[in-house]
Amino acid sequence: MDIYFLLFDGFETLDLFGPVEILGQLESTRLHYISLTSKEVTSAHGFKVSAELSPVLEPNSVLLIPGGFATRTLVKDQAFLDKLLILSKSAKYVLTVCTGSALVGMTGQLDGKEATSNKRALDWVRETAPKVKWKKKARWVKDGKFYTASGISAGMDMALSFVSDLLGYDEAREISNKIEYIWNEDQNFDPFSRQ
């Protein structure tokens, strides 16, 4: 299975590397770090990642989009959104973390679907993509081929849920034990929605 992580300058570091740690545990998985803008991408915390530029996704692939403050600019970048639309349409599954859901929301693919995002940015996300059925209280949401996670660490819970849906609960539980992560298995247990 090919998993593509779409990166941009200013992405939230854990949005990316939390799911990478989990999805990278899967056998026969090829991880690709891709970008639509530059071969070297820098996270919000100054971490540099080499990326493939202007990729074409393999069939039956997974696309993951992190969030971060840079999404506030990217939602206005039509060239970026047009390329994202092509990529996400060609992916079998699309996963977003934090405000990465706002980017997919701007492509129109989440219109009429349930999704979530970072609670601290939810008002902005709702204004950005008003046709999406945004859920405030949700650690992550699955609607069709789209998985959306709320705040930064929720991406790890979503990634484990994705593994469970794809390969079975035991596989996801084994990964969470291996990386010594306490997996929140209940997508509706979201104490951060009260803040």
Filtered residues of segment 137-171 (kept if open to solvent by 10 Å² or more (accessible area, probe 1.4 Å), small (Gly, Ala, Ser) and within 14 Å of LEU26 (Cα to Cα)): SER161, SER164, GLY168
For segment 43-70, what are the residues that are in a strand (DSSP E or B) and over 19 Å from GLY155 (Cβ atoms)? LYS48, SER50, GLU52, LEU53
Is it true that THR99 is surrounded by 19 or more Cβ atoms within 10 Å (Cβ to Cβ) and either within 24 Å of LEU14 (Cβ to Cβ) or free of Cβ contacts under 8 Å to residues at least 40 places away in the same chain (or both)? yes
Can you work out which of the residues in segment 137-160 that are among the hydroxyl-bearing types (Ser, Thr, Tyr) and under 10 Å from the mean Cα position of the chain (by Cα) is modelled with the lowest pLDDT? SER150
Taking the condition touching a Ser or Thr at 6+ places or on another chain (Cβ under 9 Å) and not aromatic (Phe, Trp, Tyr), does ILE175 pass? no
If GLY68 satisfies all but one of (1) surrounded by fewer than 20 Cβ atoms within 10 Å (Cβ to Cβ); (2) out of contact with any strand residue (DSSP E or B) (no Cβ under 9 Å at 6 or more places or on another chain); (3) not charged (D, E, K, R), what's the number of the condition it fails? (1)
Whichever residue in segment 102-117 is of a type outside the set (S, T, N, Q) and open to solvent by less than 10 Å² (accessible area, probe 1.4 Å) and, among such residues, is nearest to SER150 (Cα to Cα): ALA115
Considering only residues that are in a loop (DSSP other than H, G, I, E, B) and either under 12 Å from the mean Cα position of the chain (by Cα) or without any contact (Cβ under 8 Å) to a residue 60 or more places away in the chain (or both), which ones fall in segment 4-39? PHE11, GLU12, GLY24, GLU27, SER28, THR29, LEU36, THR37, SER38, LYS39
Which of the residues belonging to segment 118-130 are without any contact (Cβ under 8 Å) to a residue 24 or more places away in the chain and open to solvent by 40 Å² or more (accessible area, probe 1.4 Å)? ASP123, ARG126, GLU127, PRO130
Residues in segment 78-96 that are farther than 15 Å from LEU64 by Cα and crowded, with 20+ Cβ neighbours inside 10 Å: how many? 0
Identify, please: which residue in segment 108-163 is of a type in the set (Phe, Trp, Tyr) and not in a helix (DSSP H, G or I) and is, among those, farthest from LEU63 (Cα to Cα)? TRP134
Condition (residue is part of a loop (DSSP other than H, G, I, E, B), over 21 Å from LEU63 (Cα atoms) and open to solvent by less than 60 Å² (accessible area, probe 1.4 Å)) applied to segment 172-181: is it met by at least one residue? yes
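The values are calculated or read from the model by the stated rules, or taken from the named source; none is laboratory data. Keep in mind that what you see is a predicted model, and the values were worked out from it rather than measured. Here the Cβ is made from the backbone with ideal geometry for all residues, glycine too, and neighbour counts use every protein chain on show. These accessible areas exclude ligands, DNA and RNA; they are computed on the full protein's heavy atoms, side chains included. Shrake-Rupley method; radii C 1.70, N 1.55, O 1.52, S 1.80 Å.
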